[in-house]
Amino acid sequence: MSNQLARGPVRTTHADGLLASVGARGVLCDFYDEGAAEIYQDLVQDGDGTAEAREFATHASPAPGPVLELAAGMGRLTFPFLDLGWEVTALELSTAVLDAFRKRLAEQPPDVQDRCAVVQADMSAFALGKRFGTVVISSGSINELDETARRGLYASVREHLEPGGKFLLSLELSGPADSGPQERQQELTGRSGRRHVMHVKTVPAEEIQDITIYPAEETADPFVVSTHRRRIATAERIAEELVRDGFDVLTRTPFASGGEGRPDMVLVEAVAREITEGAE
Ligand code: SAH
């Protein structure tokens, strides 16, 4: 099983040090797991995905029909997609995240709710028994997967695209993968006013970014340490993998995720390569 939620939290060096010092008060969990649901909801500022969603829309199949969004999270892109009138199947693995997503969906007008289906599944191995004209994934989501899991993702996506259907990916134009190894730490204030510390360790050579989040309040009890490992594959790398795994990359369009200013992301448009009879 290649997904992290099923494997349990990563033991980051930083988390180990913290847990050793807080003794019995210490609890370790994955950032997207039940145990961290409160922290997740305190911290995840659901950024505005409108400009990014619009970029996806520019490249979607003309009449997108039902769209499959992989690892939808809190719906940063899903809700703008629904605003465009799309019919969206939002796939997500984490139960805690799904609960938060469903709560948000329940606040929408009935016609919007009717256009959104929610499924719990692993994006690196799913079988929905249905095909879509457009499948979308954001950078934050594909970076959840290591190389093996990404192979599973590409294979699953191929199985869910209608003939000529499009696989659209938003990827970071440049990122931590371009610099040397580094560690940084910052204090964050959650919606509740509680303060958290976020420690990020980036190891570009391994394409890994380890995140450790814990209370700024040293006496917190329980002292919940949540960890998460992201991958930091470059857009270049993902495009190569797509071609290797049976996709043609049609276009790569740099765009500004904030809607204006210098492009910081690239929208990759891919289609499944036709299997030619008699080809090797
Ligand atoms: N696409 C959203 C969310 C990004 S956060 C956005 O751009 O805002 C990444 C999400 O991936 C989290 O909600 C996490 O729970 C989910 N996730 C991680 N591994 C997954 C997997 N194997 N299958 C499906 N979802 C997964």
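See the values below:
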{"item": "Qualifying residue in the stretch 52-71 (condition: farther than 16 Å from Val136 by Cβ, under 19 Å from the mean Cα position of the chain (by Cα) and outside any loop (DSSP other than H, G, I, E, B))", "result": "no"}
{"item": "Top-ranked residue of the stretch 18-41 - restricted to ones that are within 13 Å of the ligand (Cβ to nearest atom) and of a type in the set (A, V, I, L, M), ranked as surrounded by the fewest Cβ atoms within 10 Å (Cβ to Cβ)", "result": "Ala37"}
{"item": "Set Gly65, Gly133, Gly85, Gly152: member being within 13 Å of the ligand (Cβ to nearest atom) and among the small types (Gly, Ala, Ser)", "result": "Gly152"}
{"item": "Among (1) farther than 17 Å from Met74 by Cα; (2) open to solvent by 10 Å² or more (accessible area, probe 1.4 Å); (3) among the small types (Gly, Ala, Ser); (4) at pLDDT 95 or above, the one test that Ala149 misses", "result": "(2)"}
{"item": "Residue in the stretch 121-138 that is at pLDDT 95 or above, more than 17 Å from the chain's Cα centre (by Cα) and among the aliphatic types (A, V, I, L, M) present", "result": "yes"}
{"item": "Any chance Thr253 is assigned to a strand (DSSP E or B), open to solvent by 20 Å² or more (accessible area, probe 1.4 Å), touching a residue at least 24 places away in the same chain (Cβ under 8 Å) and of a type outside the set (A, V, I, L, M, F, W, C)", "result": "yes"}
{"item": "Condition met for Leu161 (within 14 Å of the ligand (Cβ to nearest atom), crowded, with 18+ Cβ neighbours inside 10 Å and not hydroxyl-bearing (Ser, Thr, Tyr))", "result": "no"}
{"item": "Test: Val243 is part of a strand (DSSP E or B) and not basic (Lys, Arg)", "result": "no"}
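Listed here are the residues, each with its yes/no results for (1) open to solvent by 50 Å² or more (accessible area, probe 1.4 Å); (2) among the hydrophobic types (A, V, I, L, M, F, W, C).
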| site | (1), (2) |
| --- | --- |
| Leu43 | no, yes |
| Thr50 | yes, no |
| Ser61 | no, no |
| Leu70 | no, yes |
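Residue-wise test of (1) more than 9 Å from the ligand (Cβ to nearest atom); (2) within 22 Å of Val157 (Cα to Cα); (3) surrounded by fewer than 20 Cβ atoms within 10 Å (Cβ to Cβ).
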residue	(1), (2), (3)
Glu92	no, yes, no
Lys103	yes, no, yes
Asp111	yes, no, yes
Ala117	yes, yes, yes
Leu128	yes, yes, yes
Gly140	no, yes, yes
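The values are calculated or read from the model by the stated rules, or taken from the named source; none is laboratory data. Values in this document were obtained by computation on a predicted structure and should not be read as measured data. Cβ atoms come from the backbone with ideal geometry, glycine included; neighbour counts cover every protein chain shown. The protein model used for the area step is the full one, side chains on, heavy atoms only, and it has no ligands, DNA or RNA in it. Shrake-Rupley method; radii C 1.70, N 1.55, O 1.52, S 1.80 Å.
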